[in-house]
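Remarks on the structure that follows.
Just so you know, all these numbers are worked out from the coordinates, no wet-lab data involved. Since the structure is predicted, the reported quantities are computational estimates derived from the model, not experimental observations. Every residue, glycine as well, gets a Cβ built from its backbone with ideal geometry; the counts of neighbours run over all protein chains shown.
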Amino acid sequence: MKSLLGIGECMLELSSVQDNLWQQKFAGDVFNTLWYAKALASEDISIRFFTAIGDDHSSEEMITFIKGSGVLCDNIPRIKNGVPGLYRIHLDGAERSFSYWRDTSAAKQMMKQAELLWAQVADADIVYLSGITMAILPDEDAETLIAGLRSALKPDAIIAFDPNIRPRLWASEERMKDVITRTAAISDLILPSFEDEQVTFGDKTPMETAERYQALGVKQIVVKNAESETLFVEGEKVEYFPVKEIEGITDTTAAGDSFNGAYFAEYMRSGDIAKSISLAQKCAGTVICEKGALIPFETVQANV
């Protein structure tokens, strides 16, 4: 059985139902990706999540929810007096922004028992993490993850990374660029979003983004570019995949996360890049027509 392991954070999500009425769910960028991978993966693929949770009632609800989705989440650190982080979605039309409360998030301490992570990495075929994973970790723990992740892999396993650049999570722009660059340098597959890369690194085109990561030694680069075509680069191979026009866009939360999850599901099933990107585009297109980060499996499956 093939295995996808995500390393990251799950949080409480608050989204508006109507004025002064809020709906609570659970979400977080890496977990969102695993959710959509689970929705679309074949039954012979195991989806696993490594994080840390607290010992409060919300943490128990969250772990029950995660396991109820079919995503495996065991042998993880339990942090005494820890609690989940919280974020609130603000919508302006279909575009979203967020407010976060995560200073005491248990997930920030996931590397306190690093041996639990290394044991799970050793069994995985794809290990996936994001720039948000790196941003929430204390500096020393982020360095431990960068230093140890590659050596913990089994032969032929790969590291996949989405920079998912969120400047507000970082102490400085210099630290953000440095950690993202060094995490990319240990990765085999990277799935950046061009808009983020353009703002942060000054890339003029998606190809410049791909070339910058290729220079770090990344083998496969998939550059997402919203409604514009998706770019795939591997060695000298360069392909552009047009995106179909989508009507009824409601909420762009988790657009990139769902793209990544669907990409992994198909890539682990067939290894076919064109099929993987096609499924990823369809999944993201479905998700942005619904509210919230996570939509029901049956809705995803019926529309891709």
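Where a ≥ b ≥ c are the square roots of the eigenvalues of the C-alpha gyration tensor, would you call region 136-233 rounded, which needs a/c under 1.5, or, failing that, prolate if a/b is larger than b/c, or oblate? It is oblate, given that a/c is not under 1.5 and a/b is not larger than b/c. For residue 282, the lysines whose Cα comes closer than 22 Å to its Cα, not counting residues fewer than 8 places off in the same chain, are 38, 224, 244, 291.
Sparse packing (at most 14 other Cβ atoms within 10 Å of the Cβ) combined with a DSSP loop state is found for the following trypsin sites (Lys or Arg not before Pro) in region 212-255: 219, 244. Computed from the Cβ-Cβ distance with R0 of 41 Å, the FRET efficiency linking residue 229 to residue 58 stands at 0.50.
What number, in nm² with one decimal, is the all-direction average of the projected area of the convex hull of the alpha-carbon atoms of region 157-198?
Working: hull surface 12.1 nm².
Quarter of the Cα hull surface area: 3.0 nm².
Compute the whole-percent fraction of alpha carbon pairs in region 100-165 spaced more than 13 Å apart. Pairs farther apart than 13 Å: 65 percent.
Annotation: the antiparallel percentage among DSSP beta bridges lying fully within region 1-129 is about 45.
Here is the P(r) of region 237-304: all C-alpha pair distances, binned every 5 Å from 0, give 4, 19, 27, 27, 14, 7, 2, 0 in whole percents. Note on region 1-73: Cα-only Rg and Dmax are 13.5, 47 Å. Between residue 303 and residue 274, the modelled labels are 2.6 nm apart [label points 7 Å from Cα along Cα→Cβ]. The share of C-alpha pairs in the chain whose separation exceeds 28 Å stands at 33 percent.
A full extension of the chain between residue 239 and residue 156 corresponds to an added length of 27.4 nm, given 0.36 nm per residue minus the alpha carbon distance. For region 204-255, the Cα gyration tensor yields ellipsoid semi-axes of 25, 12, 9 Å (square root of five times each eigenvalue, largest first, whole Å). For the pair residue 169 and residue 219, what calculated FRET efficiency results from E = 1/(1 + (r/R0)^6), where r is the Cβ-Cβ distance and R0 = 45 Å, to the nearest 0.05? Once rounded, the FRET efficiency stands at 0.95.
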